[in-house]
Structures are given as structure tokens and as C-alpha cells.
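A.B. asks: Sending over a structure as C-alpha cells; questions will come in a sec.
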Amino acid sequence: MANSSAPKPGSTDPSVIRNFCIIAHIDHGKSTLADRMLQITGVVDSRQMRAQYLDRMDIERERGITIKSQAVRLPFTADDGVTYILNLIDTPGHVDFTYEVSRSLAACEGAILLVDAAQGIEAQTLANLYLALENDLQVIPVLNKIDLPAAQPEKYAAELAHIIGCDPADVLKVSAKTGVGVGELLNEVVKLIPAPIGNADAPARAMIFDSVYDTYRGVVTYVRVIDGQLSTRERIAMMSTGATHELLEVGVISPEPVPSAALGVGEVGYLITGVKDVRQSRVGDTVTSSLRGATEALGGYRDPKPMVFSGLYPLDGSDYPLLRDALDKLKLNDAALVYEPETSVALGFGFRCGFLGLLHLEIVRERLEREFNLDLISTAPNVVYRVTMDDRSELIVTNPSEFPSGKIAEVNEPIVRATILAPSEYVGAIMELCQTRRGALMGMDYLSEDRVELRYTLPLAEIVFDFFDALKSKTRGYASLDYEPIGEQASDLVKVDILLHGDAVDAFSAIVHKDKAYAYGVHMAGKLKDLIPRQQFEVPIQAAIGARVIARESIRAIRKDVLAKCYGGDISRKRKLLEKQKEGKKRMKMVGRVEVPQEAFIAALSTDESPAKPK
Amino acid sequence: MPSLPVEGEPAPVDGSLPPASADAFGQRPLSFYVHVPYCASRCGYCDFNTYTAAELGASASQSGYAAQAVAEVRLARQVLGDREVPLSTVFFGGGTPTLLPAQDLARMLGAIRDEFGLAADAEVTTEANPDSVTPESLELLRAAGFTRISFGMQSVATHVLAVLERTHTPGRAIEAIRDARAAGFAHVNVDLIYATPGETRDDFARSLDAAISSGADHVSAYSLIVEEGTRLAGKVRRGDIADVEDDVAADRYVQADEAFTAAGMHWYEVSNWAQPNGECRHNLAYWRSDDWWGIGPGAHSHIAGTRWWNVRHPSAYGDRINAGLSPAQAREILTKDQQRDEQILLGIRLREGLEAGTLSATQLSVVDAAMGDGLVHGDWAASGRVTLTQKGRLLADRLAIDLLS
């Protein structure tokens, strides 16, 4: 550590502590700003500087997003000559992780609102800003990238001032890249953000805002101490479950882990107990001492709740055990991932997996493919439905093929509050899109002359179904989207089955709104018609609701499959060709008597219905 | 001969057979094929191993070809030993055999006769381009011992011949057939190509009429195949010419089958129709997995489970022959399973079909399902032979895949 005279963990006066986070859209320079802070405070010298130090995982680095937050302790001697302890708490930057974001924010007293001076604020940043304001955080508005030729600092300062209700002159202007203004920003953090307040003599209470599985250390849990003190070697208890563990190590990150004797009021650091599964150390839970511990947990704990489900199947059926092992390993580091074995007539053995959202799904899938070398097919993502039958019995449906037939009294589906920011010229297009997606307009505000915020409630199922791609294409990529679950609503939903030659193909069943059933049926039937090769017999493709066929296509029987010439010089080539085709045939999936190439399943389940990729 | 090379193992330079094949040789009838790798011009759809004079230049002259072929005939005698196996068929194909002087063809046939002997009723065929025969040359071929001649008529529609880049006029093939009959050829074949882009049902009907009334006792009718690397494939890829449509080809096949049947010509192989006793025995030898030796560049041979193929280019072939080496480029020694597979994929194409008794229980269940789909005649269990219906002939490859071991 650079500053040897700085206050030590476990004996730091809360009055010199400042806990804060950075709220920013990806690409707006959060990681670069964090890097610059590490450098200015001397925690990392420029030689060691690895660009974007705080983002650890490769996938995060490639996508420029931070999934797992961390906290870094920065000793900083301010203009007043006092050495402060700044704890920079990194927040996950995506809509699927709203709950994790809220816990990270709850660990802070203040937030830097960082906005690209050439682009202005984005929907997701705005959503996180609202979260910060709800948590009573002191917000410091900052425009970044003022060195860019395209920067419009005056325009966006006015926009920020309008949103948070301050004077445009109060908006700081920095260049994280060159370092201009970052020193001043740190002084503002010291000046404006309140010091943490807690009772040092009360039983220990610390909030978990992140927990990460490490192959060598087991689970590393990140906490913010509210009251009392956590000391190494003491026994602690998790208040949601009552489980107790020995504290093998406590410490702070600066920016590598540094063990310490204790963590005191207002401090942020990590603890290690030797547990191997992040489920034993849940985000939002309260850590207390096992003996004479606190009786009341800190508020706000919530079990992670999967919102989006998808079936994951290995392309090669013999990889099923590998997939199971891989999921077991990922689960250690992902408290929100749930899965159970599932069998599909069409796709074989796989798992029905639950995710926080689409990005979570995509990250898990990508990690399975990349880190575990698996080739996977995923079924179209769907949400969770609550089905009430006529006899008032209730059924939770996470897989369309389990949707009951007949005697249904009511179906409830999850809904979200969506925030869309876009240039005002696209308002019409966005409203039209949201209307076709069963959205209800809740409000609309001009953030500045030419930028509008639209608030909608929308069924989550509609967002899961290529909403983001449609939004991007209708706004030439200018719109940004954020959403959060707000409950459920009863809707007129039906299950559409796709039948091939009379046999339903489970992987293609979908639960859709009654008014869209026909369009879905026509679309899928048409698509399959192009994807499935002609068979020896005519193959009808039907879309049906229960026994009622709503759309129909047919694949004409193949009439000719014979090489015209087969003489002496052709025989060898011909035999080899047929042997190859025979091998290819073995890889076909049989749906009844219909041979369907695996590629057809993949193509039918992906392409234009690829999951939204919120940015 | 199709031109795509096949992978195999190296063939011995002396042309010798593996012991198992050498021992088994003689159990099946023996035939000879002689490849003549020359054409006056290359047709747009053709991917056969053939060359125009301009393509070859001075490196491989047509005038020296007969001597090289004769040398390979002598090599064949050495390799096969002195076992008495009179030839039942000989076939000269190409290319355009009749581009060589009739005397050259006679010389090559003479060498085969001298080395191996021809059976009394041997069938000796040559392919011919209608443009490259005259009454005189036909007389010479007859006198040399040729009994059968095969003409490429393809179509009588001028615009179809233009797409195929055939040089002859529609009427020329008819004249050539008449001349061949007059010269005493007992058997005459005409080749037709159907489903050429732009060919109408009526165009094809006229071609069928012409073939049936030409005096030929045998017709081979092939759906046009757009082979990779041909000028035709290039035109299709660029969109200058539409691709061949399988459904149209199926319609034309049915049309042909009905017309020939009505004219007393029965199908005996998927693409071949003949009057009684007009079947080409040489081609039947291929389909019955008999033995044959192929002479010339790129020619394939099959002797008792060993197959090999010669180097493709005429000048490479000439170099090998002149050096006293086998022209074989590579070979494959077929396993029992592969031999069985070949018997199935070839046999299923024949009117005589497959012998039900030789099929496994699994294969018979495939046959049963195919019968249900109308591909196989319903009497197979009673007759003991699995034979294809018209619908089945059009899907023969599909069925063959299901029947492979």
C-alpha cells in the first residue's frame, strides 16, 4: 500500500470513511475512472496498471460490463490535509442484477453519476440513479470524456441538472482517460458524501453486498459493516438462515486482498469462512456475531428469484453428464442460477434453467460453452406463469410444455416497469412498438429538448421475445432500455403447440397472448417448412391451440432422390457418398417418422428470436 | 467417366492384384472397358475425363493413343495370368471413341481379342457422336466386330441442345442411327437428357417420340446433373441459367417411363429402357458387381473385390505406359461389408432387384416400411426379390442409405 500512515482497517474512525459507488452506463468510462482513482491514490502504480483493473472476468472485460462487484479501499489525503479512506464499491451494471445493484447502493452513502459528455444519460443509468436516490445517497453528477471532440458538456450538464435537480454549474467535468478533474472529484467525494454512522458498541451487523467463489479460497464475501466489529477467528452467523461459520480471514481489497485483524463501523471489506457455495453467503443477508449477536437483521434481504427460463441441451447427447457437472460448478458462484433435469422428445436430455433475466441466461450459456467446451441448444426463453384452474388449484409453469390443457380459470404473467430513453423523434415508433407488445404507457418526460423518457408497464414475456432488438432497430440504435419486475397480471394467454406430422414438438411449444397465437403459429410453421428437408411422404406442419389448428403448412413429399448415372467409374464415389449420408442420418432427430436435422432445431429456436441483448 | 477423384491407397507399380483378389478372379464374368479421352469440343454440362485437341496440345497425341491402350491390354494379361476367361462384353466409351479412326478402334479391339478371346456371343459396344460417324466408318466398325453402338442424341429441341452446348443438329442423330442399322448393328442405343432448364414437357415428348421411332432398341434417359466445375455449373451459379428442379425431373421421368413402356421398351435399370433382349450386357456387368478391366486415362477397374483407377491425364497415362509401368493411380480393397453395400446400392437400381434371402432382418424391416410407402413392389415376400416401383426408382438412393450395413 502506498500510504503507510493511512488509518488501518479495524481501527479507522468512521468520520474519515467515505463509501461510494459509480453509476454509469457501459462505455461511459466507469472502469477507466476507477483505474484513474487507483492511480491517483497510489494504490496501484502505473507500471502495474492493468487497464480496467476492477473487471475480473474475461466475459465481462470483453463485453465491457461488470457482473460481479468488488470494493476497493483507497487512502486519500484531501486538500484539507486529512487522510481519508475512500471505499469505491463497484456495482453490477445490468438490468438483470437490479437487486445486487440495490445492495451495493445500500452499502454506500454517496454515488458518482458518471455520464458520457458526448452521449448523455442512458435508461439503465437513470434507473440506477433512481435507485440511488431512493436509498438517500448523495449524488455527485459528473460528465466524462470532456476531451472528446464530440463532447457537448453544456447540453448534458443541463440535462443532468434537470434530472437530479441541481445547478448545471455543479456538474463536474472530467476526463478519466487523461486524468483531468479526477483529483478535484475525489475532493468533492470527501466534501459532499456523508461519513458512515453506526454504533461501534452494538452487536456486529454487516450487510453482504456480494459473494464470489474462488477456487483456492472458497467463497469470498464482501460486506459493509454497519454496527459493531467483525474480527478474524470469531464465529459468525448468517441471519437469514442462522448458519454459523468461523471467520478464517477478514480484510480489505487494495486492490489485492490484504488481511486485517478486524473490520469496524462503516468499513467495507471481505470475509472468508471456508464455505464452498455462494448460496451459503447470500447477497443482502446480514452477518452478525454468533455469540451475543444482533437480534434484528438489516432490512432488504430477498431470495434471488429466477424470472426467465430456458431449456439447455447438449448438441451431442453424450455430453449430458458434462453439462450437469458444469452447471454444478457454475452454481457455486451464482446464487441465482437454478436448474433441474428435463427431457425433450426433440432435444433429448438437458436441463430447464432459471435465470434472473436474459443477460444472465446469455452469460451462463456463454460460460458453459467457453469454459466447459460444450455445444448447446437453448430453447426460446420463457417467463414463469401462475395458472389457476377452475377447481382453484394453482400451478407454476416454467416450461410451456407443462402448460395445462382445459379447465383454466386464470393465467397470471410477470410484468415489468420499463424505462426507455430515446431522442424525441422516435417517440412515435417506440409507442407503436410498446403497443404491439401489450404495453401500457405510465408516463413520459422530456429530459432535455430532444430527449425523452418513456415509462411503460409491459409483460416480461414480451421483452423476452426480441423486444430489445426491435427497439434498437426502430430507433437506429439510439434508444436505451431498463426494466424491473413489478408484479404480475392476469392475461389472456394460450399455449400454441407445433405439430409435425401430427406429433407435437415440445421444444417449439410457446405460451403467447391469444391475439398473437395466430401470428406465432404462422411464423413457426413457415420457418419449419423451410428448415425441414422433404421426406418420403408429405409432412403437415400445424400450429394448434389444444385440438384447434390455427395455422398449417406442409412440406411436400420428396419425389426424386436418385443419381441418374451409376456406371463403373461412379460406384466408389457413390458408395462413399451414401456411407456419409448414412452417418448424417444417424444425427437426425426423429419426431415420429419425420427426420429433423439438429440444425433445423437450432435455426428454428434462434435467429430472429434471439434473446434481447440489452446494452 | 465422371472426373472426381476418389481417395484410395497406393497401387503397386506392376499392377499386381492382392492375393485374395488374384485367387478369386475368374468366378465372375470378365468385361473390358476402353476409355477414349478425346472430344472435338467440350459440352457445357460434361465433367467426364475428356480433352479437346486444343487442351492437350502436343503432349498427348490422339494418333499414339491406340498403341498405349494396346500396351495396357497386354499388362492386363500379365496381371490376370493365363486363366481362360473369354470376354462376354467390351465397351468403348469416352470422350468420343469415334473421334479416333475406325482402324484405331479395330486395332484396340483386336488386341483384346488376341489376348483374352471374345465369347461367341460377345457384346461389343462403342459410344459415338452423331457428328463423328459416316456410313463408311460404321461399316468398318461392324467389320472389326462391334455389335452395338450408342449415340448421344440428348434432345431434339434446338434450344435445349444450345443450353447443353451440343454441336449436332437435332436431325443428325436420327440419320446416324439409320446408318448404323443399315451397316448391320444389331443393337443401337440413344442417350437422352431431360429436365434441362428451359425444356418443356412438349419438348421432351418430341425427344421421346424421336428416340422411340429412331430404330434404336435401347434408350438411356438421364436427368441433367449440374456437376461442379462445369461451365453449366458456372452459369447456374451466376443465375444465367435456372437450376434443374427435382420435381420437374420426377415428372419427366414418369413421362419417359410411360412413353417407353407404351412402345414396348421396359425399364431394366433406373435410367435404362430396352426392347426384349436389347439390354446392355456390359452395363449389367457393372450393376451385378462382375469383374472388369478399364483401359485408358482415368478408367476404373474392378476385379474380385479390388478396385483401382488410372491416372487421369492422357500425357501422365502415356508416360506410365511408355515406362512399362501400371497406369493405376490408386486402389481400394473392398471389405466384405463394402462389397455387400455396393451390391445393394447397384442391385436395387435393377429391375431384377435384390434377392430377399440375402438381406438381414433389419434390412427386411426397411423393405417392409418402403413397401408401405409404395416404393417396393408388394410381392417381394412371395417372389423372393425386392424390386422398386416407379415411385421407388425415383427414391432409390434414399432407400439404399437405409439398406446399407
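Bear in mind these aren't lab numbers, they're just calculated from the coordinates by the rules spelled out. Just so we're clear, the structure is a prediction, and the values are computed from it rather than from any experiment. Methodologically, a virtual Cβ is constructed for each residue, glycine included, from the backbone with ideal geometry; neighbour enumeration extends over all protein chains shown.
A.B. asks: Regarding the stretch B:102-204, what whole-number volume in Å³ per residue does the convex hull of its Cα atoms give?
C.D. replies: Measuring per residue, one finds 111 Å³ for the Cα hull of the stretch B:102-204.
A.B. asks: Kindly list the residues of the stretch A:81-125 that lie in the label zone of A:Ala202, defined by a backbone N under 20 Å from the point 7 Å along the Cα-to-C-beta vector.
C.D. replies: A:103-110
A.B. asks: Related question: With 10 angstrom as the radius, rank B:Trp267, B:Trp292 by how many other C-beta atoms surround their C-beta, starting from the fewest.
C.D. replies: B:Trp267, B:Trp292
A.B. asks: Over all directions, average the projected area of the Cα convex hull of the stretch A:467-565 and note it in nm².
C.D. replies: Spelled out: convex hull of the Cα atoms, projected over all directions, averaged, 10.3 nm².
A.B. asks: On to the next question. Quick test of the membrane-span-like rule: which DSSP H helices of chain B reach at least 15 Å along their long axis (C-alpha atoms) with mean Kyte hydropathy at least 0.0?
C.D. replies: Both cut-offs are met by B:65-80, B:361-372.
A.B. asks: Calculate the length of the line joining the C-alpha centroid of the stretch A:303-357 to that of the stretch B:198-214, in whole Å.
C.D. replies: Rounded to whole Å, the Cα centres lie 62 Å apart.
A.B. asks: Select from B:Ala183, B:Ala195, B:Ala211 the residue whose mean-square fluctuation is largest in a Gaussian network model of chain B (Cα-Cα springs shorter than 10 Å).
C.D. replies: B:Ala183
A.B. asks: Rounded to two decimals, what is Rg over Rh for the stretch B:152-305 when you use alpha-carbon atoms and the Kirkwood radius?
C.D. replies: With Rh from the inverse mean 1/r over Cα pairs, Rg/Rh is 0.99.
A.B. asks: For A:Thr241 and A:Glu369, compute 0.36 nm times the residue count separating them, minus their Cα-Cα distance, and round to one decimal in nm.
C.D. replies: 42.7 nm
A.B. asks: Identify, among B:Met108, B:Ser88, B:Tyr222, the residue whose Cα sits farthest towards the positive end of the charge dipole of the stretch B:9-287, taking +1 on the Cβ of Lys and Arg and -1 on the Cβ of Asp and Glu, with the dipole about the Cα centre.
C.D. replies: After comparing all options, I get B:Met108.
A.B. asks: Turning to a different aspect of this structure: Over the Cα atoms of the stretch B:141-185, how large are the radius of gyration and the largest Cα-Cα distance (Dmax), in Å?
C.D. replies: Over the stretch B:141-185's Cα set, Rg and Dmax evaluate to 12.6, 37 Å.
A.B. asks: Using only Cα atoms, figure out Rg for chain A and give it as a multiple of 2.2 N^0.38 Å.
C.D. replies: Cα Rg divided by the expected 2.2 N^0.38 Å: 1.10.
A.B. asks: Using the 4.7 Å Cβ rule, please list in number order the cysteines from chain B without any candidate partner.
C.D. replies: Singleton cysteines: B:Cys39, B:Cys280.
A.B. asks: Let me ask something else about it. Could you work out, for chain B, what percent of all Cα-Cα pairs fall into each 10 Å distance bin, beginning at 0 Å and stopping at the bin that holds the largest distance?
C.D. replies: Over chain B, the share of Cα pairs per 10 Å bin runs 5, 21, 31, 29, 13, 1, 0 percent.
A.B. asks: Could you tell me the calculated FRET efficiency between B:Arg77 and A:Lys586, based on Cβ-Cβ distance and R0 = 51 angstrom, to the nearest 0.05?
C.D. replies: Efficiency at R0 = 51 Å is approximately 0.65.
A.B. asks: If you build the Cα gyration tensor of the stretch B:49-129 and take the root of 5 times each eigenvalue, what three semi-axes come out, in whole angstrom, biggest first?
C.D. replies: Over the Cα atoms of the stretch B:49-129, the ellipsoid semi-axes are 25, 15, 10 Å.
A.B. asks: Where does the stretch B:257-363 land on Rg/Rh, using Cα atoms and the Kirkwood Rh?
C.D. replies: 1.10
A.B. asks: Using Cβ contacts closer than 10 Å as the measure, can you line up B:Ser31, A:Ser175 from fewest to most?
C.D. replies: A:Ser175, B:Ser31
A.B. asks: I'd like to compare A:251-263, A:542-554, B:134-146: which one has the highest average count of other Cβ atoms within 10 Å, and what's the full order after that?
C.D. replies: Top of the packing list down: A:251-263, B:134-146, A:542-554.
A.B. asks: Follow-up question, since we're still on this one. Normalising by the residue count of the stretch B:9-287, find the relative contact order in percent from Cα pairs under 8 Å and 6+ residues apart.
C.D. replies: Once normalised by length, the contact order is 17 percent.
A.B. asks: Let me ask something else about it. State the Kirkwood hydrodynamic radius of the stretch B:335-405 in Å, one decimal place, computed from all pairs of distinct Cα atoms.
C.D. replies: 11.7
A.B. asks: Here's a follow-up. Using mean Cβ contacts within 10 Å as the protection proxy, how do A:479-490, B:13-24 order, highest first?
C.D. replies: Final packing ranking: A:479-490, B:13-24.
A.B. asks: Same structure, new question: Which of the helices in chain A meet the span-like rule: DSSP H, Cα axial reach of 20 Å or more, Kyte-Doolittle mean at least -1.0?
C.D. replies: Membrane-span-like by this criterion, though nothing is claimed about a membrane: A:517-531.
A.B. asks: What FRET efficiency comes out for B:Glu228 versus B:Ser16 if R0 is 45 angstrom and r is the Cβ-Cβ distance? Round to the nearest 0.05.
C.D. replies: 0.85
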